[in-house]
């Protein structure tokens, strides 16, 4: 589904149980297939909910019917996160290595974004085997996350298990050439952190002629 096929809906509502049920019921009647839902705020004085959904035949009618619900205070059709922020590159690991990978990724993303791409870069410096393993598994739950780059000096054990799990769910994993078993589990191993960031962006950019599956080797 392309960004043009989806719409974003920001809905402000009164507080209380069953609000999400009422909203999704209206959307279902209009044939708006929901692809993302987030509760942005849930306070005593009201809530804000964000939806992304397949564009219905009559968006104006959907907006009007949502607005007519007694619990709804305001409905706004907005640009989707996919359209604004696009594909996400996630970088995690040791602070110094994360910074160097980010340098390459941001520089390469800028080159593609000025040509019409939408690629964003997220970083989180982390230490600890279980902390990193939990964070790796969470990448598969992040909206629009396409590539994870693991940047560190030593990773293995539970982190390797998590890497294999998210690869099975369709997330591309790039690892720095480090000690431990994570490089054996990754799709691609890159020694230079700046190059790792560049290759992560190239792997998902539609304006790049680069496909990891066509590489004759996977360690650089």
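The values are calculated or read from the model by the stated rules, or taken from the named source; none is laboratory data. Computed from a predicted structure; not experimentally measured. Don't worry about glycine lacking a Cβ; one is built from the backbone with ideal geometry, like all the others, and counts go over all protein chains shown.
Of all residue pairs spaced 6 or more apart or on separate chains, those with beta-carbon atoms under 8 Å, a first member in the stretch 77-92 that is within 10 Å of residue 52 (Cβ to Cβ) and a second member that is in a loop (DSSP other than H, G, I, E, B) are 81/143; 81/144; 82/118; 82/144; 83/118. When 36, 10, 40 are checked against the criterion of being without any contact (Cβ under 8 Å) to a residue 40 or more places away in the chain, within 23 Å of the chain's Cα centre (by Cα) and closer than 20 Å to residue 142 by Cα, a single residue qualifies: 40.
Scan 121, 198, 173, 147 and give me the residue that is touching a helix residue (DSSP H, G or I) at 6+ places or on another chain (Cβ under 6 Å), crowded, with 20+ Cβ neighbours inside 10 Å and assigned to a helix (DSSP H, G or I). Quick ask: steps written out before the conclusion?
Numbers: 121 fails: assigned to a helix (DSSP H, G or I); 173 fails: assigned to a helix (DSSP H, G or I); 147 fails: assigned to a helix (DSSP H, G or I).
Of the residues listed, the single one that is touching a helix residue (DSSP H, G or I) at 6+ places or on another chain (Cβ under 6 Å), crowded, with 20+ Cβ neighbours inside 10 Å and assigned to a helix (DSSP H, G or I) is 198.
When you scan the stretch 67-84, do you find a residue that is within 15 Å of residue 148 (Cα to Cα) and buried (at least 21 other Cβ atoms within 10 Å of the Cβ), even just one? No, because not a single residue in the stretch 67-84 is within 15 Å of residue 148 (Cα to Cα) and buried (at least 21 other Cβ atoms within 10 Å of the Cβ).
Residues in the stretch 8-32 that are in contact with a strand residue (DSSP E or B) (Cβ under 6 Å, 6 or more places away or on another chain) and at pLDDT below 90: 15, 32.
Note on the stretch 127-136: residues that are closer than 27 Å to residue 50 by Cβ and surrounded by fewer than 23 Cβ atoms within 10 Å (Cβ to Cβ) total 2.
Scanning the stretch 16-32 for residues that are part of a loop (DSSP other than H, G, I, E, B) and exposed (fewer than 13 other Cβ atoms within 10 Å of the Cβ) yields a total of 3.
Would you say residue 62 is out of contact with any helix residue (DSSP H, G or I) (no Cβ under 6 Å at 6 or more places or on another chain), outside the structural domain of residue 198 (by TED's automatic domain parsing) and surrounded by 20 or more Cβ atoms within 10 Å (Cβ to Cβ)? So residue 62 fits the description; yes.
Which ones in the stretch 141-162 are in contact with a strand residue (DSSP E or B) (Cβ under 9 Å, 6 or more places away or on another chain) and farther than 16 Å from residue 203 by Cβ?
The first filter runs over the stretch 141-162 and keeps only residues in contact with a strand residue (DSSP E or B) (Cβ under 9 Å, 6 or more places away or on another chain), leaving 142-156, 159.
Selection gives 142, 143, 152, 153, 154, 155, 156, 159.
Based on this model, can you work out whether residue 185 counts as touching a residue at least 12 places away in the same chain (Cβ under 8 Å) and either assigned by TED's automatic domain parsing to the domain that holds residue 139 or surrounded by fewer than 16 Cβ atoms within 10 Å (Cβ to Cβ) (or both)? In short, yes.
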